[in-house]
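See structure below.
The values are calculated or read from the model by the stated rules, or taken from the named source; none is laboratory data. Here the structure is a predicted model, which means the values were calculated and not measured. Cβ placement follows ideal geometry from the backbone for every residue including glycine, while neighbour counts extend to all protein chains displayed. Areas reflect the complete protein model, heavy atoms only, side chains present, ligands, DNA and RNA absent. Shrake-Rupley method; radii C 1.70, N 1.55, O 1.52, S 1.80 Å.
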Amino acid sequence: MTLLYDERLDGEIASVDKSTLMAAIHAEAPALTLLAREEDLRPFECDGLSAYRTLPMLVALPATLEEVMALMRVCHAQRVPVVTRGAGTGLSGGALPLAKGVLLVMSRFNRILELDPDARLARVQPGVRNLAISEAAGPHGLYYAPDPSSQIACSIGGNVAENAGGVHCLKYGLTVHNVLSVEIVTIEGERMTLGSEALDAPGFDLLALFTGSEGMLGVITEVTVKLLPKPQVAKVLMASFDNVERAGKAVGDIIAAGCIPGGLEMMDNLAIRAAEDFVHAGYPVEAEAILLCELDGVEADVHADCERVRELLERAGASEIRLARDDAERQLFWAGRKAAFPAVGRMSPDYYCMDGTIPRRELPRVLKGINELSATYGLRVANVFHAGDGNLHPLILFDANRPGELETAETIGAKILELCVEVGGTITGEHGVGREKLNQMCTQFAADELTQFHAVKFAFDEHRLLNPGKNIPTLARCAEFGAMHVHHGELPHPELPRF
Ligand SMILES: Cc1cc2nc3c(=O)[nH]c(=O)nc-3n(C[C@H](O)[C@H](O)[C@H](O)COP(=O)(O)OP(=O)(O)OC[C@H]3O[C@@H](n4cnc5c(N)ncnc54)[C@H](O)[C@@H]3O)c2cc1C
């Protein structure tokens, strides 16, 4: 594992020392809080991917837009890289600091600026927690649909930067489909608005480009999101299977039948046991897999959909199907799913969470492949994921104190991602590329495509100061990694449809 940051990716960095930089920043923004002592920097050394750690040179905690703009002007002039951080829950090392850089922490931008129930939108600062938006909109019968499992903690700015997904995204779309506009500050310290309150905005769709750009194109300083009416009725079916692959096939059957559930999640036996032990959600601990299928809408439709899905699940070989008795039981079923990551964390000193996406029809094959990898390498893998989206989250259990186990976990993870690409999928569903999946980007994309990504980055940030060394690998890195499988200019697996 390459724990050290590859300094060659730092772009054109002038070596400015800490006190000179602090003086320059305070000359432009005297009230801006800067942290510089080691003990103050330590809490920011990693995000949710704690295997990678670096102390930043400085942490900046701006409270106003003017402070962000001033900071960017100074860093641009001094050629100091800037990594923006929201709540630090990211799982791909996207907010991993740079030793020669400033970590710009947006946690003080935590106000809901406007909530307009008639226009069904909310204008919020980027540090507002995802769940806080739905809590504020709740009294108006509205909510913000994308619901990452980390929604209690993660920030909307981080969600936009990662194009976050969640249980409801199968039916209601990812972050990119639920954001109307963002205000950003460029690396030169200029303010721009991308998108509009209307459904479309003139010019190129820079909002879509910016969503999921992992802090590499600008700093998000405001977000306007769509609010949706809460569905009148929501019911959840829990189906047990004695075979994981059969459960995987049932997922494809439901969508193929034209039914789009409000959520369609899957957990395998290890994840079921972990969650049950932690949350006591009433899960069948003997089942090899369960599917949680939520159907929402108006009463008559939901009733009919439940019957239809029940029939499909029976035909797919479910051994037991339970409809949550009431809303309390429905919430309990979901509580188990939402707490599944920390629940698995109680079973093993460490786990490594992968995030790949595959066409749904390939679920049985890929789940079988994951089981085989687990057996071959001797590490347990728990699967808990957004099955309806084909978005896998294998959690590879290991003990970092045992020599070689971390490397084995990484090998399994890399092989799972390669399997995803092989069946026509992608190396990330929602957690982003960050620092973690740079090498897999070499497997997924050809040199020409990576060159185009670099060109887009250059258009926003010619000196590569914003979050350098993340998301887009250099061609030299891919050559060294040896994973650029380009044959006569063809993409890897050209026979497969891309999505
Ligand atoms: C238990 C657990 C469950 C999770 N479940 C899900 C899930 O279901 N779905 C999902 O999508 N993710 C999930 N995640 C991952 C994570 O929560 C999301 O990626 C989330 O969007 C990150 O938000 P954050 O505020 O923590 O961002 P951070 O981790 O702080 O940053 C993430 C990236 O966004 C950039 N960034 C942050 N704020 C800004 C800003 N204001 N301007 C520009 N760039 C910015 C950073 O530079 C970094 O590249 C989970 C994480 C955990 C720990």
(message) Report D for region 172-305 in µm² per second (integer): Stokes-Einstein, Kirkwood Rh on Cα pairs, 37 °C, 0.692 mPa s.
(response) 180
(request) Enter the angle in degrees (range 0 to 90, nearest 10) between the Cα long axis of helix 244-256 and the first principal axis of the Cα atoms of the chain, meaning the one along which they spread out most. (result) 80
(request) Multiply the residue separation of Asp118 and Thr474 by 0.36 nm, subtract the distance between their alpha-carbon atoms, and state the gained length in nm to one decimal. (result) 123.5 nm
(message) Over 5 Å intervals from 0, what percent of Cα-Cα pairs in region 364-479 sits in each interval?
(response) 2, 10, 19, 20, 18, 13, 11, 5, 2, 0
(message) Using only DSSP helix segments of four residues or longer, with each worth -39500 (n - 2.57), what per-residue ellipticity at 222 nm results for the chain after dividing by its residue count and rounding to 500?
(response) -10000 deg cm²/dmol
(request) Calculate how steeply helix 299-315 sits against the longest principal axis of the alpha-carbon atoms of the chain, using the helix alpha-carbon long axis, and give the answer as 0 to 90 degrees to the nearest 10. (result) 70
(request) Provide the gained length on full extension for the span Ser107 to Asn401, in nm with one decimal, where the gain is 0.36 nm per separating residue minus the Cα-Cα distance. (result) 102.5 nm
(message) Quick check for you: with a 1.4 Å probe and neighbouring chains kept, what is the accessible area per residue of region 353-491, in Å²?
(response) 38
(message) Which entries of Lys230/Lys437; Lys230/Lys338; Lys368/Lys470 have Cα-Cα distances beyond 25 Å here?
(response) Lys230/Lys437; Lys368/Lys470
(request) Kindly work out what percent of the DSSP beta bridges joining two residues of the chain are antiparallel, to the nearest 5. (result) 90
(request) Go through the chain and flag any cysteine with no other cysteine's C-beta closer than 4.7 Å, please. (result) Cys46, Cys75, Cys154, Cys169, Cys259, Cys293, Cys306, Cys353, Cys420
(request) At 1.4 Å probe size, with every protein chain present, just tell me what the per residue accessible area of region 158-300 comes to in Å². (result) 36
(message) Given points 7 Å out from each Cα along the Cα-Cβ axis, report the Arg380 to Gln331 separation in nanometres with one decimal.
(response) 3.0
(request) Would you calculate the volume per residue, in Å³, of the smallest convex hull containing every Cα atom of the chain? (result) 150
(request) Select from Leu199, Ala137, Leu419 the residue farthest towards the positive end of the dipole of the chain; place +1 on Cβ of Lys and Arg, -1 on Cβ of Asp and Glu, and compute about the Cα centre. (result) Ala137
(request) Place +1 on the Cβ of every Lys and Arg and -1 on the Cβ of every Asp and Glu in region 119-192, take the dipole about the Cα centre, and give the residue among Gly157, Gly173, Gln125 whose Cα lies farthest towards its positive end. (result) Gly173
(request) Let me know the charge dipole size of the chain about its Cα centre in debye, to the nearest 20, where only the beta-carbon of Lys, Arg (+1) and Asp, Glu (-1) is charged. (result) 380
(request) List, largest first, the extents of the alpha carbons of region 129-244 along their principal axes, each in whole Å. (result) 56, 36, 27
(message) With the crude spin-label approximation of a point 7 Å out along Cα→Cβ, what separation in nm comes out for Leu61 versus His177?
(response) 3.8
(request) List the relative contact order of region 230-361 as a percent without decimals, with contacts defined as Cα pairs under 8 Å and 6+ residues apart. (result) 39
(message) Between region 358-398 and region 165-218, what is the separation of their alpha carbon centroids in Å?
(response) 31
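On a 1.4 Å probe surface of the protein chains, which of Glu222, Glu462 comes out largest in accessible area, and what is the full order?
I get Glu462, Glu222, largest accessible area first.
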(request) Mind putting a number on the dipole of region 68-224 about its Cα centre? Charges go on the C-beta only, +1 for Lys and Arg and -1 for Asp and Glu, and I need it in Debye to the nearest 20. (result) 580
(message) Restricting to Cα pairs below 8 Å that are 6+ residues apart, what does the relative contact order work out to for region 181-305? Please round to a whole percent.
(response) 27
(message) Run the paramagnetic zone check for Thr408: 7 angstrom along Cα to Cβ, then residues of region 347-367 with backbone nitrogen under 19 Å.
(response) 347-354
(request) Give the percent of DSSP beta bridges with both residues in region 26-133 that are antiparallel, rounded to the nearest 5. (result) 50
(request) Place a label point 7 angstrom from the Cα of Glu307 along the Cα-to-Cβ direction, then list the residues of region 258-284 whose backbone nitrogen is under 18 Å away. (result) 258-260
(message) To the nearest 20 Debye, how big is the dipole of region 1-153 about its Cα centre, given +1 on the beta carbon of each Lys and Arg and -1 on that of each Asp and Glu?
(response) 60
(message) Let me check something: with ligands and nucleic acids excluded, how do Phe241, Phe341 order by accessible area (1.4 Å probe), largest to smallest?
(response) Phe341, Phe241
(message) If I model a spin label as a point 7 Å beyond the Cα along the Cα-Cβ vector, how far apart are those points for Thr451 and Glu320 in nm?
(response) 5.9
(request) Please determine, in degrees from 0 to 90 and to the nearest 10, the orientation of helix 18-28 with respect to the longest principal axis defined by the Cα atoms of the chain, where the helix direction is its Cα long axis. (result) 90
(request) Quick one: check the C-alpha center-to-center distance for region 414-437 versus region 17-96, whole angstrom. (result) 29
(request) Considering Cα pairs under 8 angstrom that are at least six residues apart, work out the relative contact order of the chain and quote it in whole percent. (result) 15
